[in-house]
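The values are calculated or read from the model by the stated rules, or taken from the named source; none is laboratory data. Values in this document were obtained by computation on a predicted structure and should not be read as measured data. We place every Cβ from the backbone using ideal geometry, glycine too, and count neighbours over all the protein chains shown. With ligands, DNA and RNA removed, areas are computed over all heavy atoms of the protein, side chains included. Shrake-Rupley method; radii C 1.70, N 1.55, O 1.52, S 1.80 Å.
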Amino acid sequence: MTKRANKYKLTLEQVSLMKEEAVFSQPLSLEFENHDEIFKIIDIIKEKKLFENENQSTEFAIGLKLFSEVMLKNRKHPLFEEFFPEFGAFMKKLKSQ
């Protein structure tokens with residue numbers, strides 16, 4: 001049987017807070033599937049040097065892949081109705097960089 005998606009686990013933890021009186025949230029752990037190999041995408045974005053800060057390249061790649069997978073799975077949702085075609089143009093521009 002062939003797998004239809006890669007499976008990932010993401011853990012998000014606060015390491016500092018802007019306001020001293022704020023309370024730390026508990027770490028969040030999330031398992032999700034994505035049709036792309038996200039680590040490979042991160043490497044590709046870093047190689048493109050789109051941003052001066054390499055960490056921002058990683059943030060961008062992770063955020064983009066999380067967002068785009070949800071959008072693909074819900075492409076008929078009214079929230080994405082106008083944005084979906086524009087996102088396709090954005091991805092073409094990104095890939096041509």
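What angle, in degrees between 0 and 90 and rounded to the nearest 10, separates the Cα long axis of helix 83-96 from the longest principal axis of the Cα atoms of the chain? So the inclination is approximately 90 degrees.
Overall shape: prolate for segment 45-96, with the ratio a/c of the largest to smallest alpha carbon gyration tensor axis at 1.5 or above and a/b above b/c.
Counting helices only, and only those DSSP H runs with n ≥ 4, report the 222 nm mean residue ellipticity of the chain as the sum of -39,500 (n - 2.57) divided by its residues, in deg cm²/dmol to the nearest 500.
-15000 deg cm²/dmol
Let a ≥ b ≥ c be the square roots of the eigenvalues of the Cα gyration tensor of segment 1-78; is it rounded (a/c under 1.5), or, if not, prolate (a/b larger than b/c) or oblate? Here segment 1-78 falls in the oblate category. Rounded to the nearest 20 debye, the dipole magnitude of the chain is 580 debye, with +1 charges on Lys and Arg beta carbons, -1 on Asp and Glu beta carbons, and the Cα centre as origin. For the residue pairs K19/K95; K19/K49; K40/K93; K3/K48, the C-alpha atoms sit more than 27 angstrom apart in K19/K95; K19/K49; K3/K48. Heavy atoms only, probe 1.4 Å: what % of the accessible area of the chain goes to carbon and sulfur, would you let me know? Exposed carbon and sulfur together represent 55 percent of the surface. For K92, the shell of other residues with beta-carbons less than 15 Å away shows a net charge of +2, using +1 for Lys and Arg and -1 for Asp and Glu.
Taking every C-alpha pair closer than 8 Å and separated by at least 6 residues, the mean separation divided by the residue count of the chain gives a relative contact order of 21 percent. Across the options G88, I38, P78, the greatest Cα extent toward the positive end of the charge dipole of the chain (unit charges at beta carbon of Lys, Arg, Asp, Glu) belongs to G88.
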